[in-house]
Amino acid sequence: MEQFPTARTARWFAEQRVQAVGRVERLARVTSRRLRLAGLGLAAAGVTAAVAITGCAPPGGIVTTHPSPSARPLHAALSVAKIGCDDSGGTAKLDASGSTGGAGPLTYAFTFGDGATAAAAASTTATNHLYGTNGPFTATVTVRDASGATATATATVTLLNLAASPTSVTVGQSVTFTATGICSGARIDLNSGAYAGDYVGEPSAHNFSVTNPYTTTFSAPGTLHYRAHWSEINPYSDSNLVTITVTA
């Protein structure tokens, strides 16, 4: 019996609906597979991807989260600079601004190495300190971050250091004196002989101001002692002792 046109039309629509559902299911499977592969690629790159697909949800259904980057390791740094020197001593600036890394705000706690009370931890990266004697002293900064991690750095503080090169010479050979430290400058106030510490009887025992560095020669054999100083009044303003041996 010949079917009525309405029945044929209904069957055609039913077949089309089945075919459409099949196409949608295939598209969903392909889309899901592609998204899984994309998720693997993102995971390999260090990105966490959460994929949510409902029916034939478009790729816009991807929810991607980026983990917070880890804090860099905490590193402490400490430098020393001259503020000024006078009869009371030398003032040094201890600077930890070169410290890096860590999580959150940092605090800085300084110790000075001369027996003075340590400075309380604070957010300030630098502090000044007066040293009354020559040193050397070992200053320390302890840097702490918000997580409680700490790092330390040290620096040597010397008010005045005297060096000579060479220290063993023959008559007529040159010796160069150089002063360094936070109380050094363009000139050196040198003490020799008795002025350098009770070395009585040395030739040319005296106190004199010369350029820094200073080069000289010796005309006779002997053992000579030298210090530098930054104050004529402060008895603790002397540098270390340098001994020069002169032979014929």
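Points to keep in mind about this one:
- Flag for Ser168 being more than 16 Å from the chain's Cα centre (by Cα), touching a residue at least 40 places away in the same chain (Cβ under 8 Å) and under 23 Å from Thr211 (Cα atoms): yes
- Answer residue from the range 171-198, given it is under 25 Å from Gly84 (Cα atoms) and of a type in the set (D, E, K, R) and is surrounded by the most Cβ atoms within 10 Å (Cβ to Cβ) among those: Asp189
- Of everything in the range 211-235 that is in contact with an Asp or Glu (Cβ under 8 Å, 6 or more places away or on another chain) and outside any loop (DSSP other than H, G, I, E, B), the residue that is farthest from Ser168 (Cα to Cα) is His229.
- The range 101-112, subset in contact with a Lys or Arg (Cβ under 9 Å, 6 or more places away or on another chain) and assigned to a strand (DSSP E or B), residue surrounded by the most Cβ atoms within 10 Å (Cβ to Cβ): Tyr108
- Taken over the range 226-243, the residue count meeting the criterion of being closer than 19 Å to Ala186 by Cα and not polar (S, T, N, Q) is 7.
- Qualifying residue in the range 125-147 (condition: surrounded by fewer than 19 Cβ atoms within 10 Å (Cβ to Cβ), over 35 Å from the mean Cα position of the chain (by Cα) and at pLDDT 95 or above): no
- Residue count, the range 199-222 (criterion: loosely packed, with under 12 Cβ neighbours inside 10 Å and without any contact (Cβ under 8 Å) to a residue 40 or more places away in the chain): 4
- All of Gly98, Gly115 fail the test of being under 26 Å from Pro136 (Cβ atoms), at pLDDT 95 or above, surrounded by fewer than 17 Cβ atoms within 10 Å (Cβ to Cβ) and out of contact with any Phe, Trp or Tyr (no Cβ under 7 Å at 6 or more places or on another chain), apart from Gly98.
The values are calculated or read from the model by the stated rules, or taken from the named source; none is laboratory data. Quantities reported herein were computed from a predicted structural model and do not represent experimental measurements. FYI the Cβ positions are ideal-geometry reconstructions off the backbone, even for glycines, and counts take in every protein chain you see.
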